[in-house]
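To start, the structure under review is shown below, and the notes come after it.
The values are calculated or read from the model by the stated rules, or taken from the named source; none is laboratory data. Owing to the predicted nature of the structure, the values given are computational and were not obtained by experimental measurement. Note that each Cβ is placed from the backbone with ideal geometry, even for glycine, and that neighbours are counted across all protein chains shown. Heads up: the accessible areas ignore ligands, DNA and RNA and are worked out on the full protein's heavy atoms, side chains in. Shrake-Rupley method; radii C 1.70, N 1.55, O 1.52, S 1.80 Å.
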Amino acid sequence: MTVELSSKRHAIEDLTDAIEFCHQQGWTDGLPVVPPTPDRVLAMLEAVRLAPDHQVAYIAHRAVAVTAEKVAVNAVMAGCTPAYMPVVVAAIEGIGDPAWSYHGPGTSTAGAGVLIVVNGPVARELDINAGDNLFGPGWRANLTIGRAVRLVMRNVCGSRPGTLDRGTLGHPGKLSYVIAENELDSPWPPLHVERGFRADQSAVTVMAAEAPHQFYNQLSRTAEGVLTTLADDMRISGNVMGQTQYLVILAGEHMRTIARDGWSKARIRHFVWEHTQNSHAHLKRTHRMAGEILPGDETRMRPLVETPDDILVVAAGGRAGAFSAYVPGWGSKRSSQAVTKEVKR
Amino acid sequence: MIELLDPTVQPGPAPQPVAYAPRPGSLAGKRVGLVENTKFNSDRLLQKIGDLLRAEHGAGETRMWRKHNSSVPAHDAIIQELRATCDVMVAGIGD
């Protein structure tokens, strides 16, 4: 079968020119890209057995169809191997889901990255990092899969900085923001299983997200101690009033401390939800909530997130070091929600 | 010689033209719909505009709708109600 590629073709003299040409066309994120030659693009498509015109996602608010061919071209440019392509495709399906609601996180001044959590066997097979230096650098899969997603957003969906990507500050995760869950060492069910998949399936969860915040607790020997610190750090973070979703990432030492006390992810979620509430008085005093302080505001509490289930919990990060992290979601849960898609292979 | 494939979406056929509703010659007595996007003060800004349209242009009643959130188009129920109950509408953003 002959596969017909429909992208416009550009003829370039040599390799150096090709890299420079891509910069000049405005196709890159500022770093050099792998020139997207037809043979490389075809190899990407073969890895997912998709026709070039297969619609991976439709971004309704932009009236843009994202085809497998365009995902493949951008995945080549990002430096992906063909083996990564199924993960990239699943992530694009995720940001095309109405619940993720592309236009907000793809455009907003609040500057969301696409946080991608990979679960299941594919994470180990592709060596997607779940350990030391979780957020980078050092792992090709982590850095190129997220980069491919961002290049698709730029080149296909129109999210170009300065035009339809109006991030005031942005953050480094907008280059690539991919982690895997440390399922081998984790005492808990992995994220994708909690979200309805089997453990032997692979899946990606995409969440519109701010940068990660690291917190320290080098004193506690108890789950309650570690999570008290987390909650205190988290209570005023992100869009405070927006009630976004959060991802909590428990790294080696904290993971083992909490596991030793026998706490489930559900108990962690509930504890953190309960201990990240702010009084209306505090929110008003600190100019986050509008209005005068009223009688009762000192004890009238507003949860940081609507429900405990809005706190996603994963085990990931290095074995050593009494640090963990949380990631505030973008905007509000009303505007965008984390979405999980199966990685089809 | 190297051949590269373009990663961007080439412009397709011209999109379906958008037909704008005819502009009324006068706002006198017209029912005004206001669609606010949930951001701080967008309701106050739009209400002020509605009040000015009534005071200075003789517009009739005003009625306000609130979108689900600022990042999505107005949902269908708003569009249907607007169509049924208003002559003109104003949408805006407040931040």
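Counting DSSP beta bridges with both partners in chain B, what percentage is antiparallel, nearest 5?
Bridges in chain B that DSSP calls antiparallel: roughly 0 percent.
When you look at the Cβ of every residue in A:47-53, what mean number of other chain Cβ atoms sits within 10 Å?
0
Enumerate the amide H contacts of A:Asn278 below 5 Å, restricted to partners 5 or more residues apart or on another chain; note that Pro and chain-start residues carry no placed amide H.
A:Arg302, A:Leu304
As a check on your grasp of the helix formula, calculate [θ] at 222 nm for the protein assembly as shown: sum -39500 (n - 2.57) over DSSP H runs of n ≥ 4, divide by the residue count, round to the nearest 500.
Helix-only estimate at 222 nm: -9000 deg cm²/dmol.
Count, for each residue of A:8-16, the Cβ atoms from other chains sitting within 10 Å of its Cβ, then give me the mean as a whole number.
Rounded to a whole number, the mean comes out at 3.
Name the long-range amide H neighbours of B:Met64: under 5 Å, sequence gap of 5 or more, or other chain; modelled H, no Pro or chain starts.
Residues meeting the amide H criterion: B:Leu34.
When the solvent-accessible surface of protein heavy atoms is calculated with a 1.4 angstrom probe, in what order do A:Tyr58, A:Tyr84, B:Tyr20 fall, highest first?
So the residues, ranked largest to smallest area, are B:Tyr20, A:Tyr58, A:Tyr84.
Provide the per-residue ³J(HN,Hα) series for segment B:32-49, in order, calculated from phi with Karplus coefficients 6.51, -1.76, 1.60 and θ = phi - 60°, each as a whole number of Hz, with x at glycine and proline positions.
Along segment B:32-49, the couplings run 10, x, 10, 10, 9, 9, 5, 6, 3, 6, 5, 5, 5, 4, 5, 5, 4, 4 Hz.
Around A:Asp165, which amide H atoms from residues at least 5 apart in sequence, or from another chain, sit under 5 Å from its own amide H, with H modelled in the peptide plane?
It is A:Arg160, by chain and number.
Which of the chymotrypsin sites (Phe, Trp or Tyr not before Pro) found in segment A:173-279 are loop residues per DSSP with 14 or fewer other Cβ atoms within 10 Å of their Cβ?
In loop regions of segment A:173-279 (DSSP not H, G, I, E or B), there are no sparsely surrounded chymotrypsin sites (Phe, Trp or Tyr not before Pro).
For the protein assembly as shown, give the percent of accessible area contributed by carbon and sulfur heavy atoms, probe 1.4 Å, rounded to a whole number.
Result for the protein assembly as shown: 53 percent of the exposed heavy-atom area is carbon or sulfur.
Over the heavy atoms of A:Ser108, what accessible area does a 1.4 Å probe trace out, to the nearest 10 Å²?
For A:Ser108, the solvent-accessible surface is approximately 30 Å².
How long are the semi-axes of the ellipsoid equivalent to chain B, from square roots of 5 times the Cα gyration tensor eigenvalues, in whole Å, largest first?
Working through the eigenvalues yields semi-axes of 36, 18, 13 Å.
Among DSSP bridges having both ends in chain A, what percentage is antiparallel? Round to the nearest 5.
Values: 26 of 35 bridges.
Of those bridges, close to 75 percent are antiparallel.
Post the alpha-carbon centroid distance, segment A:1-50 to segment A:294-345, in whole angstrom.
Rounded to whole Å, the Cα centres lie 37 Å apart.
Calculated FRET efficiency, B:Arg31 and A:Gln277, Cβ-Cβ r, R0 35 Å, to nearest 0.05?
The formula returns an efficiency of 0.20 here.
Let me make sure I get this right: for segment A:228-338, a, b and c are the square roots of the gyration tensor eigenvalues over alpha carbons, sorted descending. Under 1.5 in a/c it's rounded, otherwise prolate if a/b > b/c, else oblate. Which is it?
It is prolate, given that a/c is not under 1.5 and a/b is the larger ratio.
Under 4 °C and 1.567 mPa s, how fast does the protein assembly as shown diffuse according to Stokes-Einstein, given a Kirkwood radius computed over C-alpha pairs? Answer in µm²/s, whole number.
54
Using only protein heavy atoms and a 1.4 angstrom probe, determine the accessible area buried between A and B, summed over both sides, in Å² to the nearest 100.
So the total buried area for this chain pair works out to about 2200 Å².
Need one number for segment A:1-119: average projected area of the convex hull over its C-alpha atoms, nm². Intermediate results must be reported in sequence, preceding the final value.
Numbers: hull surface 34.2 nm².
Averaging across all directions leaves 8.5 nm² for the Cα convex hull.
What are the trypsin sites (Lys or Arg not before Pro) within segment A:7-103 that DSSP puts in a loop, where the Cβ has at most 16 other Cβ atoms within 10 Å?
The qualifying sites are A:Lys8, A:Arg49.
Please list, by residue number, everything in segment B:64-84 whose backbone N is under 18 Å from a paramagnetic label point 7 Å out along Cα→Cβ of B:Ala19.
B:80, B:83-84
If you roll a 1.4 Å probe over the heavy atoms of the protein chains, what accessible area per residue do you get for the protein assembly as shown, in Å²?
Value returned for the protein assembly as shown: 47 Å² of accessible area per residue.
Step through the residues of segment A:299-306 one at a time and calculate ³J(HN,Hα) from phi using the Karplus curve (6.51 cos²θ - 1.76 cosθ + 1.60, θ = phi - 60°), rounding each to whole Hz and writing x for Gly and Pro.
3J(HN,Hα) across segment A:299-306, in whole Hz: 10, 7, 9, 10, x, 5, 10, 4.
Using the Karplus curve 6.51 cos²θ - 1.76 cosθ + 1.60 with θ = phi - 60°, what ³J(HN,Hα) values do you get for each residue of segment A:94-103, in whole Hz, with x for Gly and Pro?
3J(HN,Hα) across segment A:94-103, in whole Hz: x, 6, x, 6, x, 5, 6, 6, 3, 4.
Going by average Cβ neighbours within 10 Å, how do the peptides A:278-290, A:315-327 rank, with the highest at the top?
A:315-327, A:278-290
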